[in-house]
Amino acid sequence: MAYKITNMKDIFVDLGKNSYNIIIDKGILSQVGTLISKVISPRKAIIVTDKIVEPLYGNVVLNSLSGCKFDVKLVSIEPGEEQKSMAKAEELYENLFDHEMDRKSLIVALGGGVLGDLAGFVASTFMRGIPFIQIPTTLLAQVDSSIGGKVAVNHPRGKNMIGCFYQPKGVFIDTDTLRTLPKAEITAGMVEVIKYGMINDAAFFEYVEKHLSEIMKLDPAVLEEIIYNSCKVKAHIVELDEKEEGLRAILNYGHTIGHALEALTSYKKYRHGDAVAIGMIYASKIAMEMNLADESVLKRQESLFVKLGLSLKDTELNPDDIVSILYQDKKTIGGKLRFVLPTEIGTVVIDDRVNEETILKVLTSN
């Protein structure tokens, strides 16, 4: 079936009492106060952002909320994955106490995936849970981390090991924020976009193949389309399996080895998307070794990643160290490694039959 472009910009995530809307549009940051007011009445609020996003959009969002009668304060932290820590969460709790936040107060996460994960974790644990809103400003956060309610901080022994499922009250995506992103951040986000095609929608994967140059030029219509479709895929999967008891695990395609690479390099060498791209390639090679997929599945992904300027393998880490840390992955059950493996473009399976010998063969192959 041919892939059809749609102009819809509003996605309803149906999770019963935890349902919310994802709004996608250009230039809506100055209107977020009004948009949030439709979901949550004016109250005390804290905007959590970082030192990169604050000078770009901090005052716009602050003024929009203030103009809608929210008693709002802005807290800005340093950027970077290392901020996703219990220590930084404790600092944010102090800010919540200082602003006299209560159980009805609101946290607004303004920034990328790290910021959203941290602010969401703080919202989920402060007074056993207060409302929060996601305003993602990176492509990676817009298509992935802001949706679905996974909030967490990292531990030195593993990424996202301390967290919970806690849904936002709304997600507001302004595609104009992508114009201030470095190209490397767009590239990292594109990995998650490509992932959605791989796990669920072969026609969408083909759409990305055909429009990659327009996407990287930030063509507004094409950008809106890939964000909308990615959000739609993730929302549907989350609706079917909110707490990742089965199907939702397919969203982790590429993340098993990707997270291992991030943890082993102390989250400093790889952007999340870059690590996931390598993980997707390794997962595809494992699938080929197990006769689950043919070479075209690997080559079409490799072609896209090469065009994006991404690495296709890690050349520095010890393969034995990678295998060892895989056992700390959250998807490991009863000592059995679980991988999301492609069988064709648009279809993946969850498999716990992958042995260490196969992984090591793939990690050491040219």
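The values are calculated or read from the model by the stated rules, or taken from the named source; none is laboratory data. The shown structure was predicted, so the numbers you read here are calculated from the model rather than taken from an experiment. Note that each Cβ is placed from the backbone with ideal geometry, even for glycine, and that neighbours are counted across all protein chains shown. For the accessible areas, the whole protein counts, side chains as well, though only heavy atoms, and no ligand, DNA or RNA atoms are used. Shrake-Rupley method; radii C 1.70, N 1.55, O 1.52, S 1.80 Å.
Where nothing but the Cβ of Lys and Arg (+1) and of Asp and Glu (-1) is charged, how large is the charge dipole of region 1-92 around its Cα centre, in debye to the nearest 20?
Numbers: 12 positive and 11 negative charges, 96 e Å.
Roughly 460 debye for region 1-92.
Among K210, K269, K361, the sequence by solvent-accessible area, most first, with a 1.4 Å probe is K210, K361, K269. With an 8 Å cut-off on Cα pairs and a minimum separation of 6 or more residues, tell me the relative contact order of region 291-362 in percent. Rounded, it is 29 percent for region 291-362. The label-point distance for T347 and S266, in a model that sets each label 7 Å from Cα toward Cβ, rounds to 4.5 nm. Of all the options K313, K84, K285, the one that moves most in a Gaussian network model of the chain with Cα springs shorter than 10 angstrom is K313. The distance separating the Cα centre of region 292-366 from that of region 184-252 comes to 19 Å.
What is the gain in length, in nm to one decimal, between R103 and M290 on full extension, counting 0.36 nm per residue of separation less the C-alpha to C-alpha distance?
62.2 nm
Lysine pair count for region 99-231 with Cα-Cα distance under 22 Å and sequence separation of 8 or more or different chains is 11.
Only DSSP H runs of four or more residues enter the estimate; each adds -39500 (n - 2.57), and after division by the residues of the chain the mean residue ellipticity at 222 nm equals -13000 deg cm²/dmol. Extension gain, L240 to D71: 0.36 nm times the residue separation minus the Cα-Cα distance gives 57.2 nm. In this rough spin-label picture, where each label sits 7 Å from Cα along the Cβ direction, the S303-K51 distance is 4.3 nm. When DSSP beta bridges are restricted to pairs lying wholly in the chain, around 40% turn out antiparallel. Bridge orientation summary for region 1-136: considering DSSP beta bridges with both residues in this region, about 20 percent are antiparallel.
Below 8 Å, C-alpha to C-alpha, sequence gap of six or more: please give me the relative contact order for the chain in percent. Display every interim value, and only then the final one.
Details: 675 pairs, mean separation 53.6, N = 366.
Here the relative contact order equals 15 percent.
Each peptide in 270-277, 116-123, 286-293, 99-106 gets a packing score, the mean of other Cβ atoms within 10 Å over its residues, and the list from highest to lowest is 116-123, 270-277, 286-293, 99-106. What you get for region 235-366, charging only the Cβ of Lys and Arg (+1) and of Asp and Glu (-1), is a dipole of about 280 debye around the Cα centre. Compared with the direct C-alpha span, the chain from D321 to E78 gains 84.5 nm at full extension, assuming 0.36 nm per residue.
Rolling a 1.4 Å probe over the protein chains gives S266 an accessible area of about 70 Å². Here the Karplus relation 6.51 cos²θ - 1.76 cosθ + 1.60, evaluated at θ = phi - 60°, turns the backbone of region 299-314 into coupling constants of 5, 5, 5, 4, 4, 5, 5, 5, 4, 7, x, 8, 6, 9, 7, 8 Hz, with x for every Gly and Pro. For the chain, the longest principal axis of the Cα atoms and the long axis of helix 255-264 meet at an angle of about 80 degrees.
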